[in-house]
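Student: The structure is given below, and queries will be raised subsequently.
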Amino acid sequence: MAKEIWLGPLLGGNRARLIERCAALASAGQADSFLYLAASHPLLEVVTEGILDGSSNRGVWGELPVYLFRGLVRRILLSAVDETGGRLPSRIPIDREELPLQRSLISQILARLKAQGELKAIAPLVGREGCVNTVATLIGEIERAAKSPAEVTEIIANRTQDLAPRKGTTDRDPHLQIDFDRETALIYATYCELLNRHQLTEQDADQVRAFTILSGELDGQAVSLPWLANVQLLVLDGFFDFTPVQGEILRRLIPRFPEVVVNLNHDELNQEIFLPFQETIDHLKAIESFEIKQSAESAQTTRGALSNLRQDLFNPSLTHAESQSEETGTDQEAGERERRQEEDGNRSAEAAAEITYFECGDRDTEIRAIAKEIKRLVLREGYNLADIALVVRQRASYAETITRVMREELLPCNLETRLEANDIPANRAALKLFAILEQLSRDETATPRTSEIADLIKSEYFRLNDEELKLISARFDVQCSELLRERDQLPNGSQEQRLKNRYGVGVWNADALENAFAYVGSDLRVTAWLARAQTLIQELPAAEATRNLLNIDTSEQGRDPDVADQLENAETAKVEEKDAERKRRPSRDVHPAAIAWAALVIQSFAERIQAVPRAGRPLDLRMALMKLLEQFNFSDQIARPIRNSIEDRELPQAILNYNSLEALRRALVAAIKSIEIAATIGPPKTVRSPSGQSAWSGEPPAVKLATFLEEVRRCLSSQSQISGAADRGGLRVLEATDVRGLRFRAVFIAGLVEGGFPLRASRDWIYPHEERERLKRDGLTLEDISPATLLKEEHYFYQSACRATERLYLSRPLLLEDDSETVASYYLDELRRAVAPLKIESVPIRRDYEGKKLNSVSTTTELSVALVRQQERHLHRGEKRELQSGSRIKGLLAQARNDGFVSNSALRRVEIERERASYLFGPYDGEITDPNLIALLHQRFGTDFVHSASGLSVYGNCPYRFFGLRVLKLEPRGEAALDLQAIDAGKLLHDILRRFFEQHRRQPLNELDREQLRRELADTADRVFDEHERVVPPLNKQIWKIDREIRKILLDQVLLYELEIQQNSATAGVVPAYFEVGFGGIKSAARDPHSKEKPLELIRSTFMGEEAMKISGQIDRVDVAGDNTLIAYDYKLSTGSSTDDMRSGRSLQLPIYLEALEKLILPDHPIAGGGYYVIRGGNERRNKGLHRKRALEYSGIRANVLSVVSDDEWQRIREEVIAKIWDFLDDMRAGDFSVNPSEKEKTCRFCDFAAVCRYDRYRIERKKEKPGTQSKPK
């Protein structure tokens, strides 16, 4: 009987001889006389194709005996027979997609043992996913160690004496290793018992059962494998090593066969790299007396830098020999050595052409560079895809990137991609729902958060069905139809339907519902949200004063722009000031009818969620969940895209979502089974089934909903779905452990970074490396996680690199997905050392495609980019290297457009970008050039149009912002916030100060009781805050109380400051006299009696006569002196505007207010000036504005303040402002809404249109500064 171990070089011919022999047996009809075990699936395909070559052998009767080890195990289990010749009963696998039960069962075992008090050391971690995964992995390792529960228990018992606790320890001492040992043995024994009791199995358990069958007995009965008697030859091909259970299987197989051949790699010139696998040879020799046969056949010839790679890579003797030769020898020998190195260095670029190293920006760039090079090899050098392999250490880490990039590059790829079931969009949505239910199960008093329900609705996988919407709509008609009343009149039928459509009532509109949720407060829980919504619905229409104050117009009419912006001067807030608040502009408020409809919808959603029982039998919980999903139309929403006509590119995602329903069904079934099976832990209560097998007879246990959902989530995460099928004729993508036995003309090895290749050693918190070594000595061999695994990693790289016969490509990403930098694998240095004195030059590849080299394109997208950029380079001065002629580029672009590679819309966008990048302002910078639109603008901003002071300031800050806000009337969605927003806070402070000063109109406050005034102001503030709280209930009452007190402190400081300035100006008799003085028909219940309905009119002379411009506004406060001299004030929350801001048009309110006082409101009163009254400030609250130097006794401002000007300057600034206003009007009528913020990024800081305008400072500044272009000084 021949037992031989064949040792041959990597690219030798031993395997070919073995395949030829097996093929001859198959051809002679003796396929059952050999058994061929291959170490990897790629090698299995090579062997199978070699035996069944299609000519001498086209097939065999029965089964071709070529297997992976798991295939052999499966055949042993399926072919084993008992004494009567009957097949063994089959078991249900629990580690496959059909029943993903394994991890959930282990989780339930841990929970049950903990509840029974059996676990102490592991108990604190039982509920954590990491603990479940670690225990599942550990159970698999024990099974692969071929140990039964009894054997593990015995090993642990023998270890007890070595690890026994020392005298003096107490219960409070940390748990010892022996505690973990005992609990591990208990968990393993329980797990195995449940598998046997319920006729379950999994892959590792199958190996243990196969090993037992080969012993001739299984579960106490004799078994046999009749087909083994016919096998005369056993071939083990390509194995590096064996797991213990595989070794035990071989221990029982090898002696049965007359002839055994083990085919391994070896190289006498580089023995060190094969040392990690000497243990495999020793193990085989311990089974039988094997004869070692080293093949003298020379390996397949390689060339250039690859020629000596097999003998030099990772060869420590090479380094030793080099150091020895450098340390010894004469000066002449040293000189000769240097000369040879220099000559070699001169030849290195040519000699190292067989090895290329790519340093890429990221993984996408890395795989794309590989795809380009593969295309070049195929198209230009005659390679076939079968001649090329892409090798990665772990396929899972690169699978998604490889699949996506190769698809974009139109390069077929023999790689099946799978998507984790819990990453499928439909399942992610279901998991969000389960997370809500799980949280409610843990806290029975809680209700869902509104934001969580909003997420469900926005996912588009959940909605109420049409029948339910009809019922809710009927409830709305009964309970809330009054909310549709307009101008105290109920609408008729058609008007009612029109209003319902406007507010989204009676229909399913996810966006409208989300707006309502956010407006009321999406951070609130549903009960609090409903209460707040009800308050808003009831109080908002009735609180006229507060509605006017906060600009809440329930009829949805356009509110006055000046009131909306009277405090919103974020344009003037200095970026460098730390106390400058970010103020959000208010949006149009959600109509009460929309809030009421959203309340009915969210109430219906919440009621169904709350109706799910918090505990019950697993089957009942499953039924409740299925009913909830049905009520939310989950399956219909998933199937809807398939029923409708969708584009081909959307079909795979739709099918993936549709198949996810089956994954969810399996998860629910598996969760039920795991809970029911784990409930049988302990003495079983059984009855006999009709088949004679024992069955559990107890009632299914009641469990918490949270526990059930946790197991459902765990079972779902154990599944995956195929998202991309493998192309059998495509590029081979192999793991480093699968490359053995293969050969390729070109090999690409990707991911050469530390922690990637070599792979970082795994860790185990239960059994670290040291404990595993002790267990091994005691007879339990777990997987090796010691630093010695690096030697195996080196061998994997050695196998991968030496499988290339002509070209070897290495690559690494410089950055990972999280933008963390990588460290190059030390294998690169080893490779450089192995090919020295030849050099391996790195080729850097950028993350973005630059488009400079037209001949380097590999996709239609890159072709489009390259052609456009080549064309663009012709339009600019600069480097013309590698630039095609303009006529050729033009012709190629036309051909690309005709072939559909470049769309007309893409070329149009290119032209748009060129216009944007030109030196002139144009239609893509905010200029309106269409004559019809300009005519409309002339009509819109005609003589009858009433401009607002704040609107003109908005235009002065940025014309494009004015266009968005005042012409298109676009507004950001309003959201409730926990704190008082700056815009609302300012309005409230305005109202408080108005009410307070109105009670003391024209009274010198410095003559009144100070403390009484402070109490009075505080009482006024409380009344205003209470009114606001009644109409707009706070989301967080504690934060609201803090906000109130902070604002009251600010008001108190304002009062004290006011008393001081009145004291200083007592001689002039200056007192507050007018408050909220409006002009131009400002609609406000708080207007001063001296307000004017007539707007301010500015007059200018034109060649067609005089032209008038109407302006409206509202002055916060006007002080009057004893001689009727006026001072106007504009309240600001944090800062005011300078004279430069006024001259530039950024802040026009104050000059306009002065003009209105002088010409319209109080024309007979002299004016001392106007200023900004900063509420939040110190002693310089009024230093900004426009004050006449000769009238400082009225304001009390120091003469050295920049806002103090002479009478000539006073008049000049006001004239400049008036001229600027007319310029703005002309520009509006001309359609000039250019993207030209006055203070660049500072202006954009508070803008809601930044994502739309795409402002680029340097592009705009170039347009403004280019000589001969249209000037844009604004």
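Where a number appears in this text, it was derived from the coordinates with a stated rule and is not lab data. What you see is a predicted model; the values in this text were computed from it and never measured. As a convention, Cβ positions derive from the backbone with ideal geometry for all residues, glycine included, and neighbour counts pool all protein chains shown.
Student: Tell me the net charge near LEU77. Cut-off is 9 Å between Cβ atoms, LEU77 excluded, with +1 for each Lys or Arg and -1 for each Asp or Glu.
Tutor: On the way: positive: ARG74, ARG75, ARG91, ARG209; negative: ASP206.
Counting the neighbours of LEU77, the net charge comes to +3.
Student: Under 1.5 on a/c is rounded, so check that first for the stretch 977-1067, then, if it is not, pick prolate when a/b is larger than b/c and oblate when it is not; a ≥ b ≥ c are the square roots of the alpha carbon gyration tensor eigenvalues. Can you show the working numbers first?
Tutor: Working: a/c = 2.54, a/b = 2.35, b/c = 1.08.
Note, shape of the stretch 977-1067 comes out prolate.
Student: Using alpha carbons only, how many degrees (0 to 90, rounded to 10) separate the axis of helix 129-144 from the longest principal axis of the chain?
Tutor: The angle comes out at about 10 degrees.
Student: Counting only C-alpha contacts under 8 Å and six or more residues apart, can you give the relative contact order of the stretch 977-1067 as a whole percent?
Tutor: Over the stretch 977-1067, the number comes to 48 percent.
Student: Determine the sum of side-chain charges near VAL601: Lys and Arg each +1, Asp and Glu each -1, restricted to other residues whose C-beta is under 10 angstrom from that of VAL601.
Tutor: Values: positive: ARG463; negative: GLU468.
Summing Lys and Arg as +1 and Asp and Glu as -1 gives 0.
Student: Continuing with this model, one more query. Let me have the 222 nm mean residue ellipticity of the chain computed from DSSP H runs of 4+ only, each contributing -39500 (n - 2.57), with the sum over all residues rounded to the nearest 500. Before the final figure, lay out each step's value.
Tutor: Working: 47 runs with 595 residues, N = 1274.
Only helices count here, giving -14500 deg cm²/dmol.
Student: Could you work out how far helix 826-835 tilts from the main Cα principal axis of the chain, as a 0 to 90 degree angle to the nearest 10?
Tutor: Long axis of 826-835 versus the principal axis of the chain: about 60 degrees.
Student: How many angstrom lie between the Cα centre of the stretch 457-521 and the Cα centre of the stretch 819-841?
Tutor: The distance from the Cα centre of the stretch 457-521 to that of the stretch 819-841 comes to 66 Å.
Student: Next question, about the same structure. Listing ARG1198, ARG649 from the residue with the fewest other Cβ atoms within 10 Å to the one with the most, what is the order?
Tutor: On the way: ARG1198 10, ARG649 7.
So the residues, fewest neighbours to most, are ARG649, ARG1198.
Student: Using Cα pairs closer than 8 Å and at least 6 residues apart in sequence, work out the relative contact order for the chain, in percent.
Tutor: Working: 1918 pairs, mean separation 178.6, N = 1274.
Here the relative contact order equals 14 percent.
Student: Run the simple label-point estimate for LYS458 and GLU416 please: 7 Å along Cα→C-beta, distance reported in nm.
Tutor: 3.7
Student: Can you sort GLU1076, GLU154, GLU366, GLU438 from fewest to most other Cβ atoms within 10 Å of each residue's own Cβ?
Tutor: Numbers: GLU1076 23, GLU154 16, GLU366 27, GLU438 19.
Ascending Cβ contact count within 10 Å gives the list GLU154, GLU438, GLU1076, GLU366.
Student: Now for a different question. Explain nothing, just the number: relative contact order of the stretch 854-916, from Cα pairs under 8 Å at least 6 residues apart, as a whole percent. Don't jump to the answer; show the numbers that get you there.
Tutor: Values: 31 pairs, mean separation 20.7, N = 63.
Normalised by residue count, the contact order of the stretch 854-916 is 33 percent.
Student: Then there is this: Distance in nm between label sites at ARG1023 and SER786, each 7 Å beyond Cα in the beta-carbon direction?
Tutor: Computed distance between label sites ARG1023 and SER786 equals 8.6 nm.
Student: Can you tell me the orientation of helix 425-442 relative to the chain, as the angle in degrees between its alpha-carbon axis and the longest Cα principal axis, to the nearest 10?
Tutor: For 425-442 against the chain, the angle is about 80 degrees.
Student: Near ALA121, within a Cβ-to-Cβ distance under 10 Å, what is the net charge of the other residues, with Lys and Arg +1 and Asp and Glu -1? Intermediate values should be presented prior to the final figure.
Tutor: Numbers: positive: LYS120, ARG182; negative: ASP179, ASP181, GLU183.
Summing Lys and Arg as +1 and Asp and Glu as -1 gives -1.
Student: Using r as the Cβ-Cβ distance of ASP423 and ALA510, and R0 as 25 Å, what FRET efficiency do you calculate, to the nearest 0.05?
Tutor: Working: r = 23 Å, r/R0 = 0.91.
With R0 = 25 Å, the Cβ-Cβ based efficiency is 0.65.
Student: Is the stretch 854-916 rounded, prolate or oblate when judged by the Cα gyration tensor, a ≥ b ≥ c being the square roots of its eigenvalues, rounded requiring a/c under 1.5 and prolate requiring a/b larger than b/c?
Tutor: On the way: a/c = 1.74, a/b = 1.14, b/c = 1.53.
Since a/c reaches 1.5 but b/c is at least a/b, the shape of the stretch 854-916 is classed as oblate.
Student: Subtract the Cα-Cα distance of ALA1230 and GLU151 from 0.36 nm times their separation in residues, and report this length gain in nm to one decimal. Walk me through the intermediate numbers first.
Tutor: Numbers: separation 1079, 0.36 × 1079 = 388.44 nm, distance 9.23 nm.
Using 0.36 nm per residue and subtracting the Cα-Cα distance, I get 379.2 nm.
Student: Can you work out D for the stretch 64-136 in µm² s⁻¹ from Stokes-Einstein, where Rh is the Kirkwood radius over C-alpha pairs, the temperature is 20 °C and the viscosity is 1.002 mPa s?
Tutor: It comes out at roughly 140 µm²/s.
Student: Report the GluC sites (Glu not before Pro) located in the stretch 812-905 that are in a DSSP loop and have at most 15 other Cβ atoms inside 10 Å of their Cβ, or state none. Write down the numbers at each step before the final one.
Tutor: Details: sites: GLU817, GLU821, GLU830, GLU841, GLU850, GLU862, GLU872, GLU879, GLU882; in loops: GLU817, GLU841, GLU850, GLU879, GLU882.
Within the stretch 812-905, the qualifying GluC sites (Glu not before Pro) (loop, at most 15 other Cβ atoms within 10 Å) are GLU817, GLU841, GLU850, GLU879, GLU882.
Student: Run the reach check for LYS890 against lysines, Cα to Cα strictly under 23 Å, same-chain hits fewer than 8 apart removed. What comes back?
Tutor: Result set, ordered by chain and number: LYS852, LYS853, LYS880.
Student: Please state the Cα pair-distance histogram of the chain with 10 angstrom bins from zero: what percent is in each bin?
Tutor: Answer for the chain: a P(r) of 1, 7, 11, 14, 15, 14, 12, 10, 8, 5, 2, 1, 0 percent.
Student: Another question, then. Which entries of LYS987/LYS1264; LYS1159/LYS1240; LYS432/LYS627; LYS969/LYS1041; LYS1094/LYS1240; LYS1132/LYS1242 show an alpha-carbon separation above 28 angstrom in the structure shown?
Tutor: Going by Cα-Cα distance, LYS987/LYS1264; LYS1159/LYS1240; LYS969/LYS1041; LYS1094/LYS1240 fall outside the 28 Å limit.
Student: Starting from the Cα of LYS293, draw a straight line to each of the lysines and keep only those under 28 Å, dropping any in the same chain fewer than 8 residues away.
Tutor: LYS3, LYS285, LYS792
Student: Give me ARG368, ARG112, ARG1100 ranked fewest to most by other Cβ atoms within 10 Å of their Cβ, as a rough exposure proxy.
Tutor: Numbers: ARG368 24, ARG112 20, ARG1100 13.
Result, fewest neighbours first: ARG1100, ARG112, ARG368.
Student: Show me the trypsin sites (Lys or Arg not before Pro) within the stretch 755-819 that DSSP assigns to loop and that have at most 13 other Cβ atoms within 10 Å of their Cβ. Kindly include the intermediate steps, with their values, before the conclusion.
Tutor: Working: sites: ARG760, ARG763, ARG772, ARG774, LYS776, ARG777, LYS792, ARG803, ARG807; in loops: ARG760, ARG763, ARG803.
Hits after loop and neighbour filter: ARG760, ARG763.
Student: Using a basic spin-label model with each label point 7 Å from the Cα along Cα→Cβ, how many nm lie between GLU1241 and HIS938?
Tutor: That separation, rounded to one decimal, is 4.2 nm.
Student: By its C-alpha gyration tensor, with a ≥ b ≥ c as the square roots of the eigenvalues, how is the stretch 714-814 shaped: rounded for a/c under 1.5, else prolate for a/b larger than b/c, else oblate?
Tutor: oblate
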